[in-house]
1. Contour minus end-to-end for residue 33 and residue 121, with contour as 0.36 nm per residue of separation and end-to-end as the Cα-Cα distance?
2. Could the peptides 76-84, 89-97 be put in order, highest first, of the mean number of other beta-carbon atoms found within 10 Å of their residues?
3. Using a Förster distance of 41 Å, how high is the FRET efficiency between residue 44 and residue 92, based on the Cβ-Cβ distance and rounded to 0.05?
4. Using packing as a proxy for protection, rank 116-126, 65-75 so that the peptide with the highest average count of other Cβ atoms within 10 Å comes first.
């Protein structure tokens, strides 16, 4: 009998004293599956709408895109090309605007010189008699010839504003 008692004690010690764990229901597994599926759908949706995904140069992704989604791939490539053209156009417009600003500054300087010359001529006209004034403006004097020879740009017949 003692042997039987010892065996009973050994069996009792081997069996857990706590109650058996409850099995998880099928809802637990379906719930975990739905969470993972939702996460996967969200990731795919984000990648689908992300331009960098379609503009990648990773060969594996590019091959997969062209094989499984050729229409979407072509549409995205056209969109990327259009954005590149738009960028180039904006760059050209900015360059043109910069050149226009520089030309406006140059024109403002030339107009200021012209305005100053006109004011000087008006003052000279008031101080000098009309005959002396006409003589000073004629370009047959040696001083006038020297100015034209030393600075050919001063000749009004050959001067060009398009430098």
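1. 22.4 nm
2. Working: 76-84: 12.2, 89-97: 10.0.
Descending mean neighbour count gives 76-84, 89-97.
3. Working: r = 38 Å, r/R0 = 0.94.
Rounded to the nearest 0.05, the efficiency is 0.60.
4. Numbers: 116-126: 10.5, 65-75: 12.3.
The packing order, highest mean first, is 65-75, 116-126.
Where a number appears in this text, it was derived from the coordinates with a stated rule and is not lab data. These numbers were taken from a predicted model, which means no experiment stands behind them. Methodologically, a virtual Cβ is constructed for each residue, glycine included, from the backbone with ideal geometry; neighbour enumeration extends over all protein chains shown.
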